[in-house]
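Heads up, the thing below is written out as structure tokens.
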Amino acid sequence: MFWMIIGSILASLAGLAVYIYYLWKGEFDEEELVKYQLFREENNE
Amino acid sequence: MTAYDDRPAKLFIYPSIFFMLIGMFVGVFLAFNSFIFPDYFSGEHIHFGRVRPVHVSTVTLSWLLSVDVGLMFYFVPRLCGISIWSAPLAFVGAGLWWCTLLLGTNSFPWGTNWGWEYAELPMWISWIPIKFFFGISWVFIAVNLFMTIFCRRFEKLYVSLWYCMGTLIWTTFTVFVGNFALDWLPGGMSKVNASWFYVHNLVGLIYTPMGLAIVYYFLPKLANIPIYSHRLSMIGFWSIAFIYAWIGTHHQIHGPMSQWLQTTSIVFSIWLFIPVWTVVHNFMATIQRDWRKYVESVPIRFLIMGVIFYLITCVQGPLMALRNVNEITSKTDWVIGHSHISLYGAFTFFAIAGIYQAVPVMSQKPLWSNKLAEWHFSLNLWGSLLFLLSLWIGGFLQGLMWANWADGSSYAEFHDNLMRLPFLQTIANTREWWILRGIGGLIILVGNFLFAINIYNTVVLKKALSPVQVE
């Protein structure tokens, strides 16, 4: 049980680290712009 | 312009349409042969217990899961701006996928059922490890799609890609629990609880994210309108991720399961209104900018009607989790109506809309007949309404009849109530609703037969156009 709790906490911290990394990288900046990606000229079939 | 390799998408989408017809034909056969003319055709291999899993597995795995995978192979590369990571890996995955499903789902009449709901696929048929091969094929698919997203050209992730990544992880975990880990758990309620965790997550963490990913891609594409709010879609995605895994226990309300766990599942079931409302509002606010598109386009009609059915099923689900509502609806035909409105009314409608958009683009040919598509939609809508309303009304009346037995506080009173209204009498009283259900199913089947003809003729008969003409 002890190692399961430690494992769960570590997995959660890993998820948090990934989130902070992408936040810092700008993944969540200008959130609404990404919805126009579907209509980019180069993306049209 | 990027050249997309659509062969993996075709390998999943085209056969899945064939299996949709087979699965639904088996369903209609059961509706008539088991409920309207009971055991008109009888025998060891075609009685209800042996044939029902053929219907369930064919429509859930060979149709819906397969077409959703095919549509992901279609739109994930387009949202990433690159072709699929490895076409050969997709071919091997598709080969294993169809071989195992063909063998597995059609072996049930010979008694191979593994015995757990929605996890009926057998471990072995002779020397062939069916479940193992099916699991391997899923791993190939997941690795291929993840690597495509990893190698993407467009840096930011559109909401459909979030849902895809979510479902690739959740499906792996959920299928592992329901199809393999059940064998290793202690018997009794722990095993049952894990089974319901699997069953409900099959809908909530596999078909829901796949279906929503499809709408988030195809609705803006077909209507030529960007989605109303990407931020709102992200709230929906993360709230589904947080809430859904907790609600499986609501299938065991009033059963021998811990009360605290039942209450927890009820609380999380009610919280489901949050992601559901973000999704429904987002889609409706998108199409609200130009409702004419709804009238003009059959696939948009399928998407929007699917969203309405999605709203209904997601209101039903949490309400059925309430103890007092559950007292009436549990174990009745109401539940069958609920499962069909989600897997058919919502997610199959979404997938059909995806096919209507994807097939002309992949084959570079316009749709063979728009008139036939109009008929397809009308037959599907009216057939579904007849089918679903008969199950809901009939099921609710069934629940009210059964509630009569509990009117009293002693076993003697219960026994007396049962003598006044025998169980078989309640079955006979439900027959009219089953006749309506059978007719509704038949109308849906005819509509989907027209759909298959339309898609077949588009791919085979029509002459190829330039990509610009297809647009």
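From the alpha carbon centroid of region B:167-222 to that of region B:51-76 is 13 Å.
Please state the shape class of region B:66-162: rounded when a/c is under 1.5, otherwise prolate if a/b exceeds b/c and oblate if not, all from the C-alpha gyration tensor. Since a/c reaches 1.5 and a/b is larger than b/c, the shape of region B:66-162 is classed as prolate.
Over all other residues within a Cβ to Cβ distance under 15 Å of B:ARG50, the charged ones net out to -2, with Lys and Arg as +1 and Asp and Glu as -1.
Quick one: compute the contact order of region B:197-471, relative version, from alpha carbon pairs under 8 angstrom and 6+ residues apart, as a percent. Let's see the in-between values first.
Numbers: 333 pairs, mean separation 55.1, N = 275.
With pairs under 8 Å counted, the relative contact order is 20 percent.
Taking other C-beta atoms within 10 angstrom as a stand-in for reagent exposure, B:ARG7, A:ARG40 fall in the order A:ARG40, B:ARG7, fewest first.
Relative contact order of chain B: 15 percent, from C-alpha pairs under 8 Å at least 6 residues apart in sequence. Under the combined filter of DSSP loop state and at most 13 neighbouring Cβ atoms within 10 Å, region B:246-284 retains none of its chymotrypsin sites (Phe, Trp or Tyr not before Pro).
Please order B:HIS340, B:HIS281, B:HIS415 by the number of other Cβ within 10 Å, starting at the fewest. Don't jump to the answer; show the numbers that get you there.
On the way: B:HIS340 24, B:HIS281 16, B:HIS415 11.
Arranged by neighbour count, lowest to highest, B:HIS340, B:HIS281, B:HIS415 become B:HIS415, B:HIS281, B:HIS340.
When B:SER369, B:SER390, B:SER229 are arranged by Cβ crowding within 10 Å, least crowded first, meaning fewest neighbours, the order is B:SER369, B:SER229, B:SER390.
Mind pulling up the Rg/Rh value for chain B? Radius of gyration and Kirkwood radius, both on Cα.
On the way: Rg = 22.3 Å, Rh = 23.2 Å.
The Rg/Rh ratio comes out at 0.96.
With both labels modelled 7 Å from their Cα along Cα-to-Cβ, the B:VAL446 to A:ALA11 distance reads 5.1 nm.
Could you state, as a whole-number percent, how many of the C-alpha pairs of region B:1-148 are farther apart than 23 Å?
On the way: 4511 of 10878 pairs.
Above the 23 Å cut-off, region B:1-148 has 41 percent of its Cα pairs.
Scaled against the 2.2 N^0.38 Å expected of a compact globular protein of N residues, the Cα radius of gyration of the protein assembly as shown reads 0.99. Name the residue from B:PRO15, B:SER34, B:HIS251 whose Cα lies farthest towards the positive end of the charge dipole of the protein assembly as shown, charges +1 on Cβ of Lys and Arg and -1 on Cβ of Asp and Glu. Ranked along the dipole, the leading option is B:PRO15.
Assuming a ≥ b ≥ c are the square roots of the Cα gyration tensor eigenvalues, decide whether region B:260-347 counts as rounded (a/c under 1.5), prolate (otherwise, with a/b larger than b/c) or oblate. The shape class here is oblate.
I'd like to know how region A:2-43 sits against the 2.2 N^0.38 Å rule of thumb: what's its Cα Rg over that expected value? Before the final figure, lay out each step's value.
On the way: Rg = 16.8 Å, N = 42, 2.2 N^0.38 = 9.1 Å.
Cα-based Rg divided by the globular estimate yields 1.84.
For region B:362-449, list log₁₀ I(q)/I(0) at each q in 0.18 Å⁻¹, using the Debye formula over Cα point scatterers of equal strength and ignoring solvent, two decimals each. Once normalised to I(0) and log-transformed, intensities are -0.81.
The mean of 1/r over all pairs of different alpha-carbon atoms in region B:123-204, once inverted, gives a Kirkwood hydrodynamic radius of 14.6 Å.
Determine the distance separating the Cα centre of region B:360-379 from the Cα centre of region B:246-288; give it in Å without decimals. Centre-to-centre (Cα) distance: 36 Å. Looking at region B:208-301, the trypsin sites (Lys or Arg not before Pro) that sit in a DSSP loop and have at most 12 other Cβ atoms within 10 Å of their own Cβ are B:ARG289.
222 nm [θ] for chain B, helices only, -39500 (n - 2.57) per DSSP H run of 4+, per residue, to 500? Don't jump to the answer; show the numbers that get you there.
On the way: 21 runs with 325 residues, N = 471.
Computed ellipticity for chain B at 222 nm equals -22500 deg cm²/dmol.
Between the alpha-carbon centres of region B:1-39 and region B:434-454 there is a gap of 13 Å.
Please state the shape class of region B:197-471: rounded when a/c is under 1.5, otherwise prolate if a/b exceeds b/c and oblate if not, all from the C-alpha gyration tensor. Before the final figure, lay out each step's value.
On the way: a/c = 3.06, a/b = 1.65, b/c = 1.86.
Oblate is the answer for region B:197-471, as a/c is 1.5 or above yet b/c matches or exceeds a/b.
For region B:212-333, what is the relative contact order in percent, using Cα pairs closer than 8 Å and at least 6 residues apart in sequence? Don't skip to the end; give the middle numbers.
Details: 110 pairs, mean separation 38.0, N = 122.
Once normalised by length, the contact order is 31 percent.
Lysine pairs in the protein assembly as shown whose alpha-carbon atoms fall under 26 angstrom of each other, counting only those eight or more residues apart or on distinct chains, come to 26.
FYI, it's all coordinate maths here, none of it is from the lab. Just so it is clear, the structure is predicted and the values come from calculations on it, not from any experiment. All Cβ positions, glycine included, derive from the backbone under ideal geometry; neighbour counts span all protein chains shown.
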